Every structure is written in structure tokens, then in C-alpha cells.
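The next block holds one structure in the form of C-alpha cells; read it before the comments.
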Amino acid sequence: MEMVSVQCVLFLSCKSGARMVNNKRYCVVDVCGTLFSADTTLGLVQAHIARAGSPFMRALLWAFSTRYSPVYLAFLLMERVRGRHFFKHVIIYFLRGATKKELEFTAECYLDHLMTYKTQAAVWSRLRVCDGETLVLASASISPFVAALAARLKCQYVASELECSSGKYTGRLLVDITGEKIERLASIIEGGAFGNISTVISDNLTDKPLLCCADKPVVVLNRSKDRMRWQGLDAEYLETWL
């Protein structure tokens, strides 16, 4: 109830006089399924284990993450029944013992791969229309990757954070911002002026409150049937398969 109340207050501020706090305009963009046709948390873990993991860890990760493996399907079923994320936490545990420097290097290599093969052309083209707006990445993906992308794009970001101890990752999430991007963006949007968000681009249904804050909400559709999930939202729709 508390989280819902916070979102309601922030949503109301989007439509109130908060717009007058400053003249800076923001373009807030999701990453996974939006800028790239990939789950970047899983992709980063796979890239790191492929580069630095043992043969056993590679085989185990393959068994956990192959799309039609019994283990992967079991996690999907658990998430659907319980309404909670399990797979993400299990996959992140494969990063246990990795150092910040090692994962930063993997993130840069993985980002090179995505920029070459996995960009969503329609979304990147739409970003050119946002010239003059301050770009902010808002992703529930993990910070080593989102930080690398933000550095290349020379922008700020909010992302889920990994727990770290003595310079090594513990394999656990410290902060998961799924469904909590509005609260996290409050530290970046100057003066908390959510009415200054000009554009929001996302494919995630959990970002609907954030999309409602934008003057120009842009929904990314990765499958034709995805449009049904967004009924009632007056937005621009980008079909990535065209």
C-alpha cells in the first residue's frame, strides 16, 4: 500500500505545477526489450561465464537458461503462479565471486556485441526526435551493464544494484528497481519536477505509471499481440518487427 501511495503522489506531481520548477526536459528510456532486443541481465551473466567461468558453470548456466529446458520452464511457471521474480535472482548468483573490474570488462564486451547485433532500430531512430531533451536510462537490469551503456551515451541512469563485499559480488541483488523507477528517478530529475519528463520509451507494463508522467509516452511493441496489454493508454506505439 505504501508503494502505491508513493506512486500516486508522484503521478499527481507529474500533472501539477511541478512543471514550472525548471525548464529542463527529460527523455527517460528503458533498456531491455526497448533499446536492445535482449534480456541484458541474462546476457551479461552468459557473457561473463563464457569468458571467465569454468566448464561446469557454463554447463550449469546453459541448463538453467536455455529457453525450453525443464529448469527454465519451471522458473517461468513459479513466477507466473507466485507473481514474483525468481529466475533473475538465480541467474545473478552465477556472478558470485566476480570482481567489479572483471564484470566491467565483460559489460563493455557484451555492449559491443549488442550494439552490433541487437539494437532496436525503430527505437534508436525515435530517440533522434528527442534532440534537446536530457537522456536518462531507467532499467531494472543490473548496474554494471547499464553504467557501461550510460557512459557511452554520456547520460545518467538508474538501475538495479548488485550486492558487493570486499570488492567482489556476492551473487545477490542489493536493490531491484522493477516497478520502482519513479522513486529512483527522483534523485536525478532536478527539483523532483516529474512534469518536466517530455518523453518516456518502454516496452514494460510495469512502467505504465512512468509513461503516464510523460508528455509523449512511447510504447515499444516487440510482438503484435503485445498491443492488447496496453489498452486504454494514449501513446505512440513503435512496432519493432517492421
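Backbone geometry of segment 45-53 corresponds, through the Karplus equation with coefficients 6.51, -1.76 and 1.60 at θ = phi - 60°, to 3J(HN,Hα) couplings of 4, 4, 5, 5, 5, 5, 7, 10, x Hz, x marking Gly and Pro.
Out of all DSSP beta bridges in segment 101-242, what portion is antiparallel? Express it as a percent rounded to 5. Intermediate values should be presented prior to the final figure.
Numbers: 4 of 16 bridges.
Antiparallel: roughly 25 percent of the beta bridges in segment 101-242.
Apply the a/c threshold of 1.5 to the C-alpha gyration tensor of segment 156-238 and tell me whether it is rounded, prolate or oblate. Let's see the in-between values first.
Details: a/c = 3.20, a/b = 1.55, b/c = 2.06.
Judged from the Cα gyration tensor, segment 156-238 comes out oblate (a/c at least 1.5, b/c at or above a/b).
Residues whose amide H falls under 5 Å from that of G33, counting only those 5 or more places apart or on a different chain, are A38, with hydrogens built in the peptide plane. Computed 3J(HN,Hα) for segment 132-138, one whole-Hz value per residue from the Karplus formula 6.51 cos²θ - 1.76 cosθ + 1.60 where θ = phi - 60°, is x, 8, 7, 7, 9, 8, 10, glycine and proline marked x. For Q156, the residues 5 or more places off, or on other chains, whose built amide H falls under 5 Å of its own are L137.
Where Lys and Arg each count +1 and Asp and Glu each count -1, what net charge lies around A107 among other residues with Cβ under 13 Å from its Cβ? All intermediate terms of the calculation are to be shown ahead of the outcome.
On the way: positive: R51, K100, K101, R152; negative: E102, E104, E108, D112.
So the surrounding residues net to 0.
For the full complex of protein chains and a 1.4 angstrom probe, list Y169, Y26, Y237 by accessible area with the highest value first. Show your work: numbers first, answer last.
Working: Y169 25, Y26 0, Y237 55 Å².
Putting Y169, Y26, Y237 in descending order of accessible area: Y237, Y169, Y26.
Relative to one another, the C-alpha centroids of segment 228-242 and segment 157-202 are positioned 25 Å apart.
The values are calculated or read from the model by the stated rules, or taken from the named source; none is laboratory data. None of the values given here were measured: they were computed from a predicted structure. Quick reminder, even Gly has a Cβ in these numbers, built from the backbone with ideal geometry, and neighbours come from all protein chains shown. These accessible areas exclude ligands, DNA and RNA; they are computed on the full protein's heavy atoms, side chains included. Shrake-Rupley method; radii C 1.70, N 1.55, O 1.52, S 1.80 Å.
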